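Colleague: Before I ask anything, here is the structure I am working with.
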Amino acid sequence: MGDWLRRHASTSFTPSVFRLISRAVWAGYPERISLLWVLHYLRAAGGLLPVILNEGGAQDQRIVGGSQVISERMATDLGDRILLGRPALRVEDHAPDRMRVVTPVETFTADRVIVAMAPSDTVRIDFAPALPKPRAELASGWARLPRLPLVKAAVLYKTPFWRADGLNGAMQSDRGAIQLVFDNSPDDASMGVLSCFLSVVESPQFADRKSREEGLREELARYFGAKALDATGYVEKDWSTDPWSTGCITPLTPGILTAGGEHLRKPSGRIFWAGTESAKRWCGYMDGAISAGARAANEVHASLKT
Ligand SMILES: Cc1cc2nc3c(=O)[nH]c(=O)nc-3n(C[C@H](O)[C@H](O)[C@H](O)COP(=O)(O)OP(=O)(O)OC[C@H]3O[C@@H](n4cnc5c(N)ncnc54)[C@H](O)[C@@H]3O)c2cc1C
């Protein structure tokens, strides 16, 4: 992407803007990110503007109660059909016999298997027989990317005080410690919430949770005034430390998609691939995860009829 920008940017402003965008959207800088990945991502979103716009774009809507509500309600409907604490360790396909999915607790058999996670997450599963080489290399290339600390923090306030000051609670910076801020207050404004995205590598002063909890308020005060110092609570998650979620906001480097992109959603025998990275629409987003799951289910359905 960096090379392309150098060749095609008509003003020096363009690379600066793309730096800001690539840091926020792919957690990396243009000089390392694959242009093919960027194009794949933008095409799936319907262009650049839908990715970066708040209104009418990727950040246009929120879910009342938080996005976990979707999972919680689905879990209620599915009841005891959801089995937790059973990571898939091994997927065996000894056709024409049924497939076997081995977990630490029990082994399941199935006619088809849908794997719904980022390609990098699939490297922890032992596939027997081995996956086609390009698919295996796609996953291992994805998994080799460095996992840089990417912290999402919510700073809580009694009220969304910035609104009374005529501010929308949004901020994006190409040099401040905080990359992005959104007003994430609940619909009824019963409290104020500023969601912050932080790249710890570039802000070593925020290397630990305590320094972030204290320091982020001061950073926010730079943008939203002294009232930002009076936070009532703090919640954070460093996604790079989550052992089960290695994908999503990935600065995919050149070569990985060129070699194996075709295998993002191409079934490997009786194994079908879902996960947002395989989505044709809104790759990288929740929307993409849902449509990829539906697509994989349709593929399984069709393959069972043949
Ligand atoms: C900080 C952050 C902010 C985001 N903000 C937004 C946003 O505002 N809007 C939006 O649309 N999207 C957002 N996303 C992206 C969104 O979270 C993802 O697109 C979505 O979660 C992808 O869903 P998925 O089902 O493909 O993968 P995942 O959500 O990663 O689900 C994969 C599941 O597989 C499980 N798993 C992994 N390995 C195994 C195994 N071996 N056996 C069994 N299970 C396994 C994992 O535990 C996980 O539950 C954000 C992501 C991050 C990290």
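Colleague: Between Glu31 and Thr103, what is the label-to-label distance in nm when each label sits 7 Å out along the Cα-to-Cβ direction?
Modeller: 4.5
Colleague: Once amide H atoms are built 1.01 Å from N in the peptide plane, which residues 5 or more positions from Gly192, or in another chain, come under 5 Å H to H?
Modeller: The list, which skips near neighbours in sequence, is Tyr157, Lys158, Thr159.
Colleague: Also: Roughly what percent of Cα-Cα pairs across the range 150-241 reach past 15 Å? Can you show the working numbers first?
Modeller: On the way: 2261 of 4186 pairs.
The calculated P(r) of the range 150-241 puts 54 percent of pairs beyond 15 Å.
Colleague: What fraction, in whole percent, of alpha-carbon pairs in the range 158-306 exceed 21 Å separation? It would help to have the intermediate numbers written out before the result.
Modeller: Working: 6565 of 11026 pairs.
The proportion of pairs with Cα distances above 21 Å equals 60 percent.
Colleague: Assuming R0 = 22 Å, can you tell me the calculated FRET efficiency for the pair Ser12 and Gln205, based on Cβ-Cβ distance, to the nearest 0.05? Could the numbers behind the result be given before it?
Modeller: Details: r = 29 Å, r/R0 = 1.33.
That pair, Ser12 with Gln205, gives E of 0.15.
Colleague: Per residue of the chain, what 222 nm ellipticity follows from adding -39500 (n - 2.57) for every DSSP H run with n ≥ 4, rounded to the nearest 500? Walk me through the numbers on the way to the answer.
Modeller: Working: 10 runs with 104 residues, N = 306.
Roughly -10000 deg cm²/dmol at 222 nm, from the helical runs in the chain.
Colleague: While we're looking at this one, here's another question. Along each of its three principal axes, how wide is the spread of alpha-carbon positions in the range 68-120, in whole angstrom units, largest first?
Modeller: Here the spans come out as 39, 26, 20 Å, largest first.
Colleague: Pairs to check: Lys237/Lys305; Lys152/Lys280; Lys133/Lys280; Lys280/Lys305; Lys227/Lys280. Give those whose C-alpha atoms are more than 32 Å from each other in this structure. Intermediate values should be presented prior to the final figure.
Modeller: Working: Lys237/Lys305 44 Å; Lys152/Lys280 26 Å; Lys133/Lys280 23 Å; Lys280/Lys305 24 Å; Lys227/Lys280 43 Å.
Pairs exceeding 32 Å: Lys237/Lys305; Lys227/Lys280.
Colleague: Rank by packing, highest mean first: peptides 87-98, 133-144, with packing defined as the count of other Cβ atoms within 10 Å averaged across residues. Don't skip to the end; give the middle numbers.
Modeller: Details: 87-98: 13.3, 133-144: 18.2.
Going from most to least packed, we get 133-144, 87-98.
Colleague: Then there is this: Computed over the Cα atoms of the range 32-151, what is the ratio Rg over Rh, Rh following Kirkwood? It would help to have the intermediate numbers written out before the result.
Modeller: Working: Rg = 18.7 Å, Rh = 18.0 Å.
In the range 32-151, Rg relative to Rh is 1.04.
Colleague: Next question. For the chain, with a Gaussian network of springs between Cα atoms less than 10 Å apart, report the residue from Leu78, Leu39, Leu148 with the top mean-square fluctuation.
Modeller: Comparing Leu78, Leu39, Leu148 in the GNM, the peak value goes to Leu78.
Colleague: Within the range 241-306, list the chymotrypsin sites (Phe, Trp or Tyr not before Pro) lying in a DSSP loop whose Cβ has at most 16 other Cβ atoms in a 10 Å radius.
Modeller: Values: sites: Trp244, Phe272, Trp273, Trp282, Tyr285; in loops: Trp244, Trp282, Tyr285.
Filter output for the range 241-306: Trp244.
Colleague: Related question: Given the peptides 234-241, 24-31, arrange them by the average over their residues of other C-beta atoms within 10 Å, most packed first. Write out the running numbers ahead of the final one.
Modeller: Numbers: 234-241: 14.6, 24-31: 19.1.
Per-residue mean Cβ counts within 10 Å order the peptides as 24-31, 234-241.
Colleague: For Ile114, which sequence-distant residues (separation of 5 or more, or a different chain) have an amide H within less than 5 Å of its own amide H, given hydrogens modelled in the peptide plane?
Modeller: Excluding prolines and chain starts, which carry no amide H, the hits are Phe272.
Colleague: Find the percent of Cα-Cα distances in the chain that exceed 27 Å, and round it to a whole number. Intermediate values should be presented prior to the final figure.
Modeller: Details: 23189 of 46665 pairs.
The share of Cα pairs beyond 27 Å in the chain comes to 50 percent.
Colleague: Treating each Cα of the range 245-286 as an identical point scatterer and ignoring solvent, apply the Debye formula and state log10 I(q)/I(0) at q = 0.14, 0.23, 0.24 Å⁻¹.
Modeller: The Debye formula, applied to the Cα set alone, gives -0.35, -0.91, -0.98.
Colleague: Separate question: Semi-axes, largest first, in whole Å: what does sqrt of 5 times each Cα gyration tensor eigenvalue give for the range 15-73?
Modeller: Numbers: eigenvalues 134, 32, 27 Å².
Ellipsoid semi-axes (Å, largest first): 26, 13, 12.
Since every read-out is calculated from the coordinates, none of them should be taken as a lab result. Predicted model only: the values in this text are computed from it and were never measured. Don't worry about glycine lacking a Cβ; one is built from the backbone with ideal geometry, like all the others, and counts go over all protein chains shown.
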